[in-house]
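These notes concern the structure reproduced below.
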Amino acid sequence: MTSRIATIVIDAHRPDVVAQFWCDVLGWRILDAEPEIVSIAPSDASWPTIDIVAVPEPKAGKNRLHLDLRADGTTTAHELARLLALGARRTDVGQGPDVSWVVLSDPEGNEFCLLSRSVQEVAAEAATVAPLP
């Protein structure tokens, strides 16, 4: 037996704002909302979920763990424009100018990345790779 990721937790001053941002980004929905924690999940309630938990202190420093996103059903350029319109901000965490991804932050500064290739591009590339013997 192995473990499975059940929930990813994001700390926030305003869990409702951060939860709504991630629902909009991922096309997810709020499962449960209390003053100190908001739980969101895909519409089919599959795993993992994300819990946004209220904390008193502001974010300090670069995240030690972050999410990497891929555009799905659109180009990476269109997805970047959509994420910025939803309130994401470009963020400098020391990445060089030649990286193939874009570092962004949610409304409270939690970093995440938009990768350069879409879900469809990665799938097409995987389909052309010969299976291992």
The condition from (1) under 11 Å from Val25 (Cα atoms); (2) among the charged types (D, E, K, R); (3) over 14 Å from the mean Cα position of the chain (by Cα) that Glu57 misses is numbered (1)
Being of a type in the set (A, V, I, L, M) and within 19 Å of Glu111 (Cβ to Cβ) narrows it down to one residue among Ile40, Ile30; which is it?
Ile40
Against the definition (over 19 Å from Cys113 (Cα atoms), touching a helix residue (DSSP H, G or I) at 6+ places or on another chain (Cβ under 6 Å) and either outside the structural domain of Gly109 (by TED's automatic domain parsing) or modelled with pLDDT under 95 (or both)), how does Ala41 come out, yes or no?
no
Which of (1) charged (D, E, K, R); (2) more than 23 Å from Trp101 (Cβ to Cβ); (3) surrounded by 13 or more Cβ atoms within 10 Å (Cβ to Cβ) does Asp24 not meet, given it meets every other one?
(2)
Just give me the residues in the range 116-130 being surrounded by fewer than 17 Cβ atoms within 10 Å (Cβ to Cβ), touching a residue at least 24 places away in the same chain (Cβ under 8 Å) and in a loop (DSSP other than H, G, I, E, B), in sequence order.
Ser116, Arg117
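The values are calculated or read from the model by the stated rules, or taken from the named source; none is laboratory data. Just so you know, these numbers come straight off a predicted model, no measurement behind them. Counting neighbours? That spans all protein chains shown, and the Cβs are built from the backbone with ideal geometry, glycine included.
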